[in-house]
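For reference, the structure is listed below as structure tokens.
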Amino acid sequence: MRGHPEKEVTMTQTPRNQSKKKAESENTPGPVAVLRSAREQLAELTGLTAESVSSFERTDDGWDLAVEVLELARVPDTMSLLATYAVTLDPHGELTGYKRVRRYERGRADPSRPGG
């Protein structure tokens with residue numbers, strides 16, 4: 001190995017990089033923890049009840065979720081107003097932003113699309 005310092009550097013860097021990536025992945029919460037945390041954080045920020053998560057996706061920057069929220073309870077319950085919030089979280093599950101993207105009555109379905 002003496003005469004080939006490049007090989008020594010390459011060989012010692014690879015295990016360090018692998019262990020660093022492993023440590024980072026061990027510190028990153030899994031999907032279930034992220035979903036629970038997102039619901040709690042959104043409820044705390046908005047004061048609204050997060051009923052469910054209708055979609056989630058891991059991205060290069062963290063997580064993107066669609067959270068269904070009860071905005072206005074009515075009687076009968078089918079007339080209650082719900083909303084879909086687009087929620088973004090960093091890789092560790094901390095909420096970085098949200099916005100309401102849809103508002104609807106609980107008993108209403110989306111209009112059917114042509115051909116489907």
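Brief remarks follow.
- Scope the stretch 57-90; condition touching a Pro at 6+ places or on another chain (Cβ under 9 Å) and surrounded by 17 or more Cβ atoms within 10 Å (Cβ to Cβ); matching residues: Gly62, Trp63
- Checking Val101 against (1) open to solvent by 80 Å² or more (accessible area, probe 1.4 Å); (2) in contact (Cβ under 8 Å) with a residue 12 or more places away in the chain; (3) under 17 Å from Thr28 (Cβ atoms); (4) assigned to a strand (DSSP E or B), the condition it does not meet: (3)
The values are calculated or read from the model by the stated rules, or taken from the named source; none is laboratory data. This structure is a prediction, so every number in the text was calculated from the model and none was measured. Here Cβ is always computed from backbone atoms with ideal geometry, including for glycine, and neighbour counts include all displayed protein chains. All accessible areas refer to the heavy atoms of the entire protein, side chains included, with ligands and DNA or RNA removed. Shrake-Rupley method; radii C 1.70, N 1.55, O 1.52, S 1.80 Å.
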